[in-house]
1. Around Leu80, which amide H atoms from residues at least 5 apart in sequence, or from another chain, sit under 5 Å from its own amide H, with H modelled in the peptide plane?
2. If you take semi-axes √(5λ) of the Cα gyration tensor in Å from the coordinates, which of (i) 54, 36, 17; (ii) 40, 27, 16; (iii) 32, 26, 17 do you get?
3. In a Gaussian network model over the chain where Cα atoms closer than 10 Å are linked, find which of Thr90, Thr48, Thr57 has the largest mean-square fluctuation.
4. With labels modelled as points extended 7 Å from the Cα through the Cβ direction, what inter-label distance (nm, one decimal) is found for Leu150 paired with Leu310?
5. Work through the residues other than Ser295 whose Cβ is under 14 Å from its Cβ and net out their charges, Lys, Arg +1 and Asp, Glu -1.
6. Can you give the helix-only mean residue ellipticity at 222 nm for the chain, where every DSSP H stretch with n ≥ 4 adds -39500 (n - 2.57) and the sum goes over all residues, rounded to the nearest 500 deg cm²/dmol?
7. Pick from Ser151, Ser81, Ser161: which residue has the top mean-square fluctuation in a GNM of the chain where Cα pairs under 10 Å get a spring?
8. Quick one: putting +1 on the C-beta of Lys and Arg, -1 on the C-beta of Asp and Glu, what dipole do you get for the chain around its Cα centre, in Debye to the nearest 20?
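Quick note: the coordinates plus some simple rules give every number you see, no bench work behind them. Note that the structure is a prediction, hence the values are computed from the model and not measured. Backbone-built Cβ (ideal geometry, glycine too); neighbour counts: all protein chains shown.
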Amino acid sequence: MNADQAVAPEPTRRFSVRLREARNLGLVGVLAVLVLIGALTEPGQFLTTGTVVLVLTQASVIGVITVGMTFVIIGGGIDLSVGAVVALATVWATTRSTQQFGIGGIVFTAVAVGVGCGLVSGLLIAYGRLVAFIGTLAMLASARGLAIQLSQGRTQTVTSSNQALVDLGYQDSYVLGIPPLVLIFAAVAIVGWLVLNRTTFGRRTYAIGGNLEAARLAGINVKLHTCLLYVLSGLCCGIASVMLIILTSSGTSGNGNLYELDAIAAVIIGGTLLSGGRGTLVGSVLGVLVFTVISVLFTLNNLPTAVQQLAKGVIIVLAVLVQRRASLYSSERTTR
């Protein structure tokens, strides 16, 4: 139960639950339609084990970032820096000096860079009173610039002494036929769901996003909690960076390009309100899968990337319009 539900009248609460369930079922229906389109347009390629593995693997990296983004948006903020933070983390973790410490050094550096960037963003927004849009935009520019400076525009590869890390991306490392990256995504999503729905931290996240002043009057340390939300987003970026290094065996300043768009889009079509206070991780995960299947469909049908971005933009606009309509309908029911 979230903070909104705790104070809402029983009929409104039931309506909110039914609306959330209907939205998730709608996303499952969209996925089914996309699969049907893929089966009809590319029958020999789409319905194969390889394509399913491809979809799940591609969804994993952006999916982990989306978990962190869901927390931030439900808490009433936004994080535009996730793609640049991923770029910086992969570059820093694949420098020769870092790799001297082995696989542990690579993993620790990537996660530490992600957490560090999230902490700086959180301090700027929560204690420096910067608007989230401005604070994370500044981090986006700084992290991308630092990644370019650190790499000198070159692609840095994982050394042969750390090949075991890259080997996790190969089929020989699958567990029960499931890629390790997919298992990492599943684990992060499950932990995220438990934190959001079964802990005080999750309830406070909903409360702050729903009504900041009420949350403050209720005794919640709003500044500290807001800062921690961006640290959590940075942590997810760090984990995603390690996954990207496994996939590509390298780090470049171009990594993570437009990841912020994909993550925010997945959260929005998953039903999370951009104004905060309402949303689910289940919806965000379904949103990631929808976008990933669309990307694979476009690739298999040799459609231009520009058209793909245009389609994503249209979907985002439609999702926001649906959200606005649902919010208005919910408000009308509450005032009756």
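1. Residues meeting the amide H criterion: Thr136, Leu137.
2. Answer by label: (iii).
3. Most flexible of the set in this elastic network: Thr48.
4. 3.7 nm
5. Net charge in that neighbourhood comes out at -1.
6. Calculated from helices alone, the mean residue ellipticity at 222 nm is -25000 deg cm²/dmol.
7. Ser161
8. That gives the chain a dipole magnitude of about 960 debye.
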